[in-house]
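Notes for the one structure printed next.
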Amino acid sequence: MSDEGDNILAIDFDGTIIPQGSGLSRERLEKRPMAGAVNALQMLHAQRWRIVVFSCRARDEQGRAQIINWLRRYGIDNLVEEITAQKPWAKYYIDDRAIAFDNWASVLERLTDEGQETDGHI
């Protein structure tokens, strides 16, 4: 791994580590990690991936603290190098809402399949 971002994995918090939901309410913070998330983060950390968690919830100190406390509750805060609201430089991005880019035709097809009318314009 030679470039600065080559060993960085950027992982979205919502829908990949914690189940998707609205806000970081007390009820939501009681939710357990997504199936396989803790084991996967442990394995990736052991393989020397630098894990950066990104979430729009980290825009302010309160949201960032809630994410840190939630990670700590499940003993995985030490596996995460950084928490940010910005899209970080990384080799790979893991996000439940992403569309893997192949070409624009396949992106438009995917969005059209999802019920979005594109008529050739985005």
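Read-outs: derived from the displayed coordinates by stated rules, not from any lab. Fair warning: this is a prediction, and the values are worked out from it, not measured in the lab. Every residue, glycine among them, receives a Cβ derived from its backbone with ideal geometry; neighbour counts consider all protein chains shown.
Taking only the alpha carbons of segment 8-96, we obtain Rg and Dmax values of 11.9, 34 Å in that order. As a rough guide to protection, the peptides 86-92, 98-104, 14-20 ranked by mean Cβ packing within 10 Å, highest first, stand as 14-20, 86-92, 98-104.
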